[in-house]
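Inspection log for the structure reproduced underneath, given as structure tokens.
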């Protein structure tokens, strides 16, 4: 049985749980510059504090411990420590040449911990999702307010960075490729192109998850698309799951999840932040409160996969898992074939 078939078979029986925030857990270690460098990077030419992806090479025991905490909390899917592990983002630390190694190492750590958890509970398989973040650049918007036609990256540059990252994740043993926190749909299309190109080159296919993020209370992403338009822009990639993460928390994310869930003929995945950040940038929503809000999604048949993003911890994931386990997963709808196009708004012919 292929990974996609195995995953969709389980998702038809129960709501799956994806893990919570990696960054939130790393912050608990209060690492200084030396803590990030470890032994290998003591003489690195640039400051590296804040480069969480580097910890898979410099402090792998920390990343393994975070994965174990989420697995013990009930996660079926754990995400690799690779949110920024591509050459574009790693340029901030002069570590472009390490991006491929970071992805391999991160996937191997997650694979080892997932397999160890699955060995303890053979009736509950665990999956590793290779996390592919949005990069720190945007393909469809100008970073210069005085020059709206300017771009600081290109589709081809993004595609190449994502393809290298995907190769590393696959080599390290990822089961799933997760293109997440998408604020610019064009970035995501470049990522999807890169991922499918790697699949073709390697002669393999893994489940593809696509997770956008809503950036304002109007319910649109940063490049201006509604959830429906976003789906029509991405559905040609034939994802195994689509949905949203991050954003403003579960309460504000409900409407976008409901909208895309009514249209997507695949699984729906949702993992919001633990509420809104306070004035210090920290998240105060309790595990119980967050779980109660996500329980409403499950009760109403809206989701197949749920978890947490920024501010969420193993405690949040444990509460979410216990709140949704009594509900049936969302039924994938049959969507009538029509010409469905998108700009910022959807355009459906007929």
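Derivation of every value follows stated rules applied to the coordinates shown; laboratory data play no part. It should be emphasised that the depicted structure is a prediction, and the values quoted were computed from it without experimental measurement. All Cβ positions, glycine included, derive from the backbone under ideal geometry; neighbour counts span all protein chains shown.
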Inter-part gap, Cα centre of the stretch 317-350 to Cα centre of the stretch 186-262, in whole angstrom, is 11 Å
Restricting to Cα pairs under 8 Å and 6 or more apart, the percent relative contact order of the chain works out to 18 percent
Descending packing, highest mean Cβ count within 10 Å first, for 264-271, 43-50 is 264-271, 43-50
The distance between the Cα centres of the stretch 115-181 and the stretch 263-279, in whole Å, is 17 Å
Sorted on mean Cβ neighbours within 10 Å (highest first), peptides 206-219, 304-317 come out as 304-317, 206-219
As a Kirkwood estimate from alpha-carbon pairs, the chain has a hydrodynamic radius in angstrom of 20.2 Å
Yeah, the stretch 1-77 with a ≥ b ≥ c from its alpha-carbon gyration tensor (a/c under 1.5 is rounded, else prolate when a/b outruns b/c, oblate otherwise) is prolate
The stretch 3-349: antiparallel bridges as % of DSSP beta bridges, rounded to 5, reads 15 percent
Label model pair residue 156, residue 121: point-to-point distance (7 angstrom along the Cα→beta-carbon line) in nm is 4.8 nm
Expected sort for 124-130, 189-195 on mean C-beta neighbours within 10 Å, highest first, is 189-195, 124-130
Per the helix-only model, the chain has a calculated mean residue ellipticity at 222 nm (DSSP H runs of ≥4, -39500 (n - 2.57) each, divided over all residues, rounded to the nearest 500) of -12500 deg cm²/dmol
Taking r as the C-beta separation of residue 65 and residue 349 and R0 as 41 Å, the FRET efficiency to the nearest 0.05 is 0.20
FRET efficiency for residue 146 and residue 280 from the Cβ-Cβ distance with R0 = 45 Å, rounded to 0.05, comes out at 0.85
So, with points 7 Å from each Cα along the Cβ direction, the residue 300-residue 30 label distance in nm works out to 4.1 nm
